[in-house]
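A quick write-up on the structure given underneath.
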Amino acid sequence: MSEGHYDLIVAGGGPTGSTLASFTAMAGYRVLLLEREEFPRHQIGESLLPATIHGICRMLGVLDEVERRGFPKKNGGTFRWGANPEPWTFRFSRQPNDPFGYAYQVERAVFDQILLDRARELGVDVRERHDVRSVIMENGRAVGVAFADSEGRQHQARARFVADTSGHRSHVSKLVGERIYSEFFRNVALYGYFENGKRLPAPNQGNILSAAFRDGWFWYIPLSDSLTSVGAVVSREAAEEIRKGEDKALQGFIGRCPIIQDYLAGARRITEGPYGPLRIRKDYSYCTTRFWAPGMVLAGDAACFIDPVFSSGVHLGTYSALLAARSILTLLGGTAGISEEACFTEYEDRYRREFGRFYQFLLAFYDVQQDEESYFWQARKILHTSERSNAAFVRLVAGLSAEDEPLFTGPDRFFEARRDFGSWFAANVLPPEAGVTGVTGVSTSSEPASPEEFDPKQFMAGFSKEIASLQLQAIRRGNYSLPERPIRAGGLIPSADGLRWQRV
Ligand code: FAD
C-alpha cells in the first residue's frame with residue numbers, strides 16, 4: 001500500500017529519532033516516525049549527562065515533565081578506578097547551586113516514552129509496531145521507506161529526507177557507509193537489576209558508581225530508592241565465563257569487585273517483569289565511514305557508539321539529532337542557498353568531532369586504571385593497544401576530533417602524541433581532593449605528548465565547550481548570540497534559534 005508524502009521519515013523512536021522528529025515538526029513540517037516496538041520498551045543507557053536535560057529536553061519542551069517524574073538526580077560520577085583504592089567523585093558543577101550542574105538517572109522505558117509522546121504532541125505521525133524493512137532509492141537518492149505494520153501488511157511512504165535512527169541494530173545504515181569496529185573497546189556487557197542495593201553517601205547518592213576490577217569494570221546506577229541497574233563490562237576472554245551461565249558469571253564478577261559486592265550485600269536480583277532477564281550487549285563500539293548519503297542521514301547509535309563508561313550515548317544521540325535537524329530544516333526551508341552537501345557535511349563533521357572527543361576522553365580514562373595483574377587492563381593501555389593496527393577506525397575518529405589540532409597521518413602518530421595521556425589526565429583532571437593527583441604506579445617517565453600535535457589542556461577545554469554551548473543555546477532560545485565560529489574553513493554556524501545553519 002502506498003502512503004502519503006512526508007518531509008521527513010524517521011526510522012526508530014528512541015531518543016535520537018524522537019528528538020529529530022520533534023525539532024522538524026516544531027517548524028511545521030510533515031514527519032512520519034516508524035518504531036518497531038510498542039512503548040514502553042526496555043533499553044539500556046540510563047545514566048544521562050546535563051546537556052541532554054538542560055539542553056535538549058529544554059529545547060523540546062519536556063524539561064518540566066522530566067523534572068516531575070522524580071528520577072534520581074545525578075550530580076556527577078563516583079569512580080573506584082585507578083590505583084587509588086578509595087572511590088573519588090567528579091561533579092558536573094564546580095560551583096554549589098549551579099542550576100544546570102546535574103542530570104538524571106532514568107528508566108529508559110519512561111524517559112523514551114516522554115520523548116516519543118512529545119513528538120506525537122508536536123504533530124509527528126508516530127506509529128509503533130511498525131518495522132522499517134528497507135529504504136527506497138531512486139537514482140542514488142533515498143526517497144522513502146518500505147515498512148510492515150503491526151499486522152505484517154507491507155507499505156511504502158515517500159519523503160524528501162529519510163533519517164535512520166534505528167540504533168545499534170540498524171540494518172539500513174549500510175546503505176550510507178560501512179560500520180567499522182574498534183579493537184580497543186571490544187568489550188562485552190552483562191547486566192541486570194537489583195532491589196535494595198546500598199546508596200553512596202549524600203550528596204552523591206544519585207551518582208553513577210563505576211568500579212574497576214580484574215576483569216573489567218562495573219556500572220552501578222540508582223534508578224529509584226530501591227531499584228539499581230548493575231552491569232559488568234568485561235573483555236571477550238572473560239566473557240567466556242558467561243557462556244557457562246549468565247547468573248553464575250555475574251555473581252562471579254560481583255565477587256571479584258569488593259565495592260560492588262558490598263553495595264549488593266543486602267540486595268536481591270530482580271528475576272521477573274521487564275527487569276527480570278539478565279541481558280548481554282557486545283559489538284557496540286563502532287563508527288560508520290559516512291553519516292549521510294543523498295536524501296538520507298544516520299544519527300545516534302545508527303551512526304556510531306563507543307563505550308558506556310562516560311554515559312555518552314543519549315547525549316551523542318540527541319545532540320546528533322539536533323545537528324541533523326539543523327541540516328534538514330535548512331534544506332526544507334530552501335532559502336539559505338546552502339547545498340545538501342554543505343549542510344550534511346557540517347552535520348557529519350560536528351557529530352564526528354563530538355564522538356571523537358568522547359573517544360579520546362575514554363582512552364585517557366581507560367589508561368588511568370593500573371592493574372598489572374589484569375589482562376583486561378593491560379590489553380587496554382593506550383601504548384599496548386591493538387587499536388594501533390585498526391587504522392580504519394582510528395582515522396574515523398582521530399582527525400576531526402580536537403579543535404585546532406593538526407590532522408594525524410596515521411594511528412601510530414595519533415597514539416604517540418597521546419603517550420601518558422592517562423597520567424596527565426589523572427594529575428590534571430581528576431579531583432585532587434580525592435587524592436588522585438598522587439596516583440601511585442602511574443608512569444610519568446616516558447616522553448610527554450608534544451603540544452604541537454596534541455595539547456591535552458586544549459582538548460579538555462574543547463570537550464566542555466560544546467556541551468556548555470548546547471545548554472546556553474537552549475536557555476537563550478531564539479536569542480542565541482554566542483561567538484560561534486565555523487569548525488573548519490568555509491564551514492557553517494548555527495542560526496540564532498539553533499535550529500538551522502547559516503553562513504558566517
Ligand atoms: P535506541 O535507543 O537503540 O533506539 C532505536 C529505536 O529504533 C529502538 O526503539 C528500536 O526499537 C527502533 N528500531 C530498530 N530497528 C527498527 C526498524 N527496523 N524499524 C523501526 N524501528 C526500529 N548511554 C547513556 O547515555 N548512558 C548510559 O549509561 C549508557 N549505558 C550503556 C550501556 C551499554 C552496555 C551500552 C551498549 C550502551 C549504553 N548507552 C548509554 C548507550 C545508549 O544505549 C544508546 O547510545 C542510546 O540508546 C542511543 O539512542 P538511539 O535513539 O540512537 O537508539
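Of everything in the stretch 1-10, what is crowded, with 23+ Cβ neighbours inside 10 Å and more than 11 Å from the ligand (Cβ to nearest atom)? Give them in sequence order. Steps first, answer last, please.
Keep residues of the stretch 1-10 that are crowded, with 23+ Cβ neighbours inside 10 Å, which gives 6, 8-10.
Correct list: Y6, L8.
Which one of these does T78 not meet: (1) at pLDDT 90 or above; (2) surrounded by fewer than 20 Cβ atoms within 10 Å (Cβ to Cβ)?
For T78, the exception is condition (2).
Could you tell me whether any residue of the stretch 177-195 is surrounded by fewer than 23 Cβ atoms within 10 Å (Cβ to Cβ), without any contact (Cβ under 8 Å) to a residue 24 or more places away in the chain and either within 27 Å of G273 (Cβ to Cβ) or in contact with a His (Cβ under 8 Å, 6 or more places away or on another chain) (or both)?
No, every residue in the stretch 177-195 fails to be surrounded by fewer than 23 Cβ atoms within 10 Å (Cβ to Cβ), without any contact (Cβ under 8 Å) to a residue 24 or more places away in the chain and either within 27 Å of G273 (Cβ to Cβ) or in contact with a His (Cβ under 8 Å, 6 or more places away or on another chain) (or both).
Do we find that G167 is on the phi > 0 side of the Ramachandran plot, buried (at least 20 other Cβ atoms within 10 Å of the Cβ) and touching a residue at least 12 places away in the same chain (Cβ under 8 Å) in this structure?
Numbers: on the phi > 0 side of the Ramachandran plot: yes; buried (at least 20 other Cβ atoms within 10 Å of the Cβ): yes; touching a residue at least 12 places away in the same chain (Cβ under 8 Å): yes.
Here the answer is yes, as G167 does meet what is asked.
State the number of residues belonging to the stretch 234-257 that are modelled with pLDDT of 95 or more and in a helix (DSSP H, G or I).
So the count comes out to 10.
Report every pair of residues separated by at least 6 positions or lying on different chains whose Cβ atoms are under 8 Å apart, first residue within the stretch 131-157 and within 15 Å of D7 (Cα to Cα), second among the aromatic types (F, W, Y) and at pLDDT below 95.
none
Scan the helices (runs of 4 or more DSSP H) fully inside the stretch 276-383 and keep the ones with 2 or more residues being modelled with pLDDT under 95, more than 23 Å from R108 (Cα to Cα) and under 22 Å from the mean Cα position of the chain (by Cα). Show your work before the answer.
Details: elements: 313-333, 340-368, 375-379.
Because the criterion is at least 2 residues that are modelled with pLDDT under 95, more than 23 Å from R108 (Cα to Cα) and under 22 Å from the mean Cα position of the chain (by Cα), the helices (runs of 4 or more DSSP H) in the stretch 276-383 that meet it are 340-368.
Count, please, the residues in the stretch 131-149 that happen to be within 16 Å of the ligand (Cβ to nearest atom) and either surrounded by fewer than 21 Cβ atoms within 10 Å (Cβ to Cβ) or β-branched (V, I, T) (or both).
Filtering the stretch 131-149 down to residues within 16 Å of the ligand (Cβ to nearest atom) leaves 131-136, 142, 144-149.
Those left that are additionally either surrounded by fewer than 21 Cβ atoms within 10 Å (Cβ to Cβ) or β-branched (V, I, T) (or both): 131-136, 145-146, 148-149.
Selection size over the stretch 131-149: 10.
Condition first: more than 9 Å from the ligand (Cβ to nearest atom) and either on the phi < 0 side of the Ramachandran plot or hydroxyl-bearing (S, T, Y) (or both). Now tell me which residues in the stretch 116-126 satisfy that.
D117, R118, A119, R120, E121, L122, V124, D125, V126
I'm checking my understanding of the structure. Among residues of the stretch 223-232 that are assigned to a strand (DSSP E or B) and within 12 Å of the ligand (Cβ to nearest atom), which one is nearest to P72 (Cα to Cα)? Quick ask: steps written out before the conclusion?
Just the residues of the stretch 223-232 that are assigned to a strand (DSSP E or B), to begin with: 227-232.
Next cut, within 12 Å of the ligand (Cβ to nearest atom) only: 229-232.
Numbers: S229: 13, V230: 16, G231: 18, A232: 21 Å.
Checked the stretch 223-232; the qualifying residue nearest to P72 (Cα to Cα) is S229.
Kindly establish whether V162 is of a type in the set (V, I, T) and within 20 Å of the chain's Cα centre (by Cα). So that I can check it myself, show each step before the final result.
Working: of a type in the set (V, I, T): yes; within 20 Å of the chain's Cα centre (by Cα): no.
No; evaluated as a whole, the condition is false for this residue.
Could you list, in sequence order, the residues of the stretch 16-52 that are within 6 Å of the ligand (Cβ to nearest atom), buried (at least 24 other Cβ atoms within 10 Å of the Cβ) and of a type in the set (S, T, N, Q)?
T16, S47
For the stretch 354-402, enumerate the residues that are open to solvent by 10 Å² or more (accessible area, probe 1.4 Å) and within 23 Å of A293 (Cβ to Cβ).
A392, R395, L396, G399, L400 - these are the residues of the stretch 354-402 that are open to solvent by 10 Å² or more (accessible area, probe 1.4 Å) and within 23 Å of A293 (Cβ to Cβ).
Taking into account only those residues within the stretch 1-41 that are part of a loop (DSSP other than H, G, I, E, B) and farther than 28 Å from L223 by Cα, which is farthest from the chain's Cα centre (by Cα)? It would help to see each step written out before you state the result.
Here is the first cut: in the stretch 1-41, the ones part of a loop (DSSP other than H, G, I, E, B) are 1, 12-14, 27-30, 36-41.
Of the ones still in play, those that are also farther than 28 Å from L223 by Cα are 1, 27-30.
Details: M1: 36, A27: 26, G28: 28, Y29: 27, R30: 28 Å.
Of everything passing the filter in the stretch 1-41, M1 is farthest from the chain's Cα centre (by Cα).
Checking S311 against (1) near the ligand (Cβ under 8 Å from one of its atoms); (2) buried (at least 24 other Cβ atoms within 10 Å of the Cβ), which test does it fail?
Unmet condition: (2).
Could you run through the stretch 150-168 and say how many residues are within 14 Å of the ligand (Cβ to nearest atom), assigned to a loop (DSSP other than H, G, I, E, B) and not hydroxyl-bearing (S, T, Y)?
Number satisfying all stated conditions: 1.
Taking the residues in the stretch 65-75 that are in contact with a helix residue (DSSP H, G or I) (Cβ under 9 Å, 6 or more places away or on another chain) and open to solvent by 50 Å² or more (accessible area, probe 1.4 Å) as candidates, determine which candidate is nearest to Q43 (Cα to Cα).
Going residue by residue through the stretch 65-75, those that are in contact with a helix residue (DSSP H, G or I) (Cβ under 9 Å, 6 or more places away or on another chain) are 65-67, 69, 71, 74.
This time we only want the ones that are open to solvent by 50 Å² or more (accessible area, probe 1.4 Å), so: 65, 67, 69.
Numbers: E65: 20, E67: 20, R69: 18 Å.
This residue is R69.
From the list G55, G13, which one is near the ligand (Cβ under 6 Å from one of its atoms) and either buried (at least 19 other Cβ atoms within 10 Å of the Cβ) or of a type in the set (S, T, Y) (or both)?
Numbers: G55 fails: near the ligand (Cβ under 6 Å from one of its atoms).
From the options G55, G13, the qualifying one is G13.
The values are calculated or read from the model by the stated rules, or taken from the named source; none is laboratory data. The model shown is predicted, which means the values in this text are computed figures rather than measured ones. Here Cβ is always computed from backbone atoms with ideal geometry, including for glycine, and neighbour counts include all displayed protein chains. Accessible surface areas use protein heavy atoms only, side chains included; no ligands, DNA or RNA. Shrake-Rupley method; radii C 1.70, N 1.55, O 1.52, S 1.80 Å.
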